[in-house]
1. Amide H neighbours of Thr119 under 5 Å, at least 5 residues apart or on other chains, H built in the peptide plane: list them.
2. Give the long-range amide H neighbours of Lys57: residues separated by 5 or more places, or on another chain, with amide H under 5 Å away, using H modelled in the peptide plane at 1.01 Å from N.
3. Using the Kirkwood radius built from alpha carbon pairs, what does the Stokes-Einstein equation give as D for region 58-140 at 10 °C and 1.306 mPa s, in µm² per second?
Amino acid sequence: MKKKRNNLTLLFVVLAVAGPMAIMMLAYEITKNPALRPLARTENDVAIHNGAIIANKVIANIRWTTKRQKNFSQQDLEHIIRRAFKARGVRVFISFDEVNSNDNVTITYQVGVNKIGPTRIANAADSIREVITVYRMYQLAKPNN
């Protein structure tokens, strides 16, 4: 009798722990709604499912050369880039990689899986237009179901 009771207790504990996850997994498999997928949430999964945002940020990686004379600082460049993207309603994250070189300062942008660049600072305005275009294309894209 005691063994049967222990088995029932164990079965109850397993069902209490795994039951909700199994129900959510079944609901996900039926609807394919990522909000119902247990323990696997990502930053944009619900927005992607709804066909909204796919790439919600632009990353600007600036290769900052240390041996070349420049008439602008990192802060100046960062401020100009942020202002250019803000004017178009796009968030940009900026990182600097300092390189011991006398090459030109270059920027490589990343939007989703796309990389644009490296681009010299002299051509920054043109590359920003390209990046905004790619970003807008991501906004219009619908996920494949």
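1. When sequence neighbours closer than 5 places are left aside, the close amide H contacts are Ile107, Thr108.
2. Under 5 Å from the amide H of Lys57 lie the amide H atoms of Gly112, each far enough along the sequence or on another chain.
3. Numbers: Rh = 13.0 Å.
Calculated translational D: 122 µm²/s.
Bear in mind that the values in this text are calculations on the coordinates, not laboratory data. Owing to the predicted nature of the structure, the values given are computational and were not obtained by experimental measurement.
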